[in-house]
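Engineer: Can you read through this structure? Questions will come right after.
The values are calculated or read from the model by the stated rules, or taken from the named source; none is laboratory data. All figures in this text were calculated on a predicted structure; none of them were measured in a lab. Here the Cβ positions follow ideal geometry from the backbone for every residue, glycine too, while neighbour counts run over all protein chains shown. For the accessible areas, the whole protein counts, side chains as well, though only heavy atoms, and no ligand, DNA or RNA atoms are used. Shrake-Rupley method; radii C 1.70, N 1.55, O 1.52, S 1.80 Å.
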Amino acid sequence: MPRASERRSPAAQRHADTVRFVLFEARPAGLAFNQLVRSSELSLHQTRSGLACLRDTITEPGWPPLIWTRKDGYQFCADPAELQAYEVAVIRGKLTKIRRFITGTVAPHAALQPTGRFIKHLNTQLSSVESTLDVIADFTDA
């Protein structure tokens, strides 16, 4: 079965084109989600679908990366410092989710079933992911 990013419907692609057009028109400023919805004249669901499809396909035509910040909303960005700050912030968020998943679900499962093959494998893999994300989250240009 193809990955979700490979299952793009024609409707999602049309929504992505609309979102891309609106964001290119707004450059260099960004748009908050509600502004993007109003400007694109798409529904909330269609805008989300368009953003997801755009993120899946953005590298194919060579468009600049799409980021979201609280201050500026969604925008295309080519500034390396801004991109790195965004990427580190996303990694920190994912790291927090992984750590909470480990402490809230995986560790109690391991305590209930200490000899289980699956839980040992899961714990090993998640520890590896956690340490890798931790390295990235602590990265700074010195």
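Engineer: Could you tell me the center-to-center distance, by alpha carbons, between the range 54-92 and the range 26-45 in angstrom?
Structural biologist: After rounding, the separation between the Cα centres reads 16 Å.
Engineer: Let me ask another. Please determine, in degrees from 0 to 90 and to the nearest 10, the orientation of helix 117-137 with respect to the longest principal axis defined by the Cα atoms of the chain, where the helix direction is its Cα long axis.
Structural biologist: Roughly 50 degrees, rounded to the nearest 10.
Engineer: For T115, tell me the accessible area in Å² from a 1.4 Å probe, rounded to the nearest 10.
Structural biologist: 120
Engineer: Which order do L44, L126 take by accessible area at a 1.4 Å probe, largest first?
Structural biologist: Details: L44 95, L126 20 Å².
Result of the area sort, largest leading: L44, L126.
Engineer: Sticking with this one: Could you compute how much accessible surface H109 exposes when probed at 1.4 Å, giving the result in Å² to the nearest 10?
Structural biologist: Surface accessible to solvent at H109 totals approximately 60 Å².
Engineer: Among all the aspartates and glutamates, which ones have a C-alpha under 15 Å from K94's C-alpha, if same-chain residues fewer than 8 places away are not counted?
Structural biologist: E130, D134, D138
Engineer: Ordering V129, V106, V135 by accessible area with a probe of 1.4 Å, largest first, what comes out? Please report the intermediate quantities before stating the final value.
Structural biologist: Details: V129 60, V106 5, V135 105 Å².
Highest to lowest solvent-accessible surface, that is V135, V129, V106.
Engineer: Separate question: Considering only protein heavy atoms, what per residue accessible area in square angstrom results for the range 11-140 with a 1.4 angstrom probe?
Structural biologist: Values: 8380 Å² over 130 residues.
It amounts to 64 Å² per residue over the range 11-140.
Engineer: Identify which of the listed values of Cα extents along the principal axes in Å was calculated from the structure shown: (1) 71, 29, 28; (2) 82, 50, 23; (3) 56, 43, 27.
Structural biologist: The listed entry that was calculated here is (3).
Engineer: Excluding the sites themselves, what is the longest stretch of the chain that contains no trypsin sites (Lys or Arg not before Pro) in a DSSP loop with at most 11 other C-beta atoms within 10 Å?
Structural biologist: On the way: sites that count: R3, R7, R70, K71.
Answer - 72-142.
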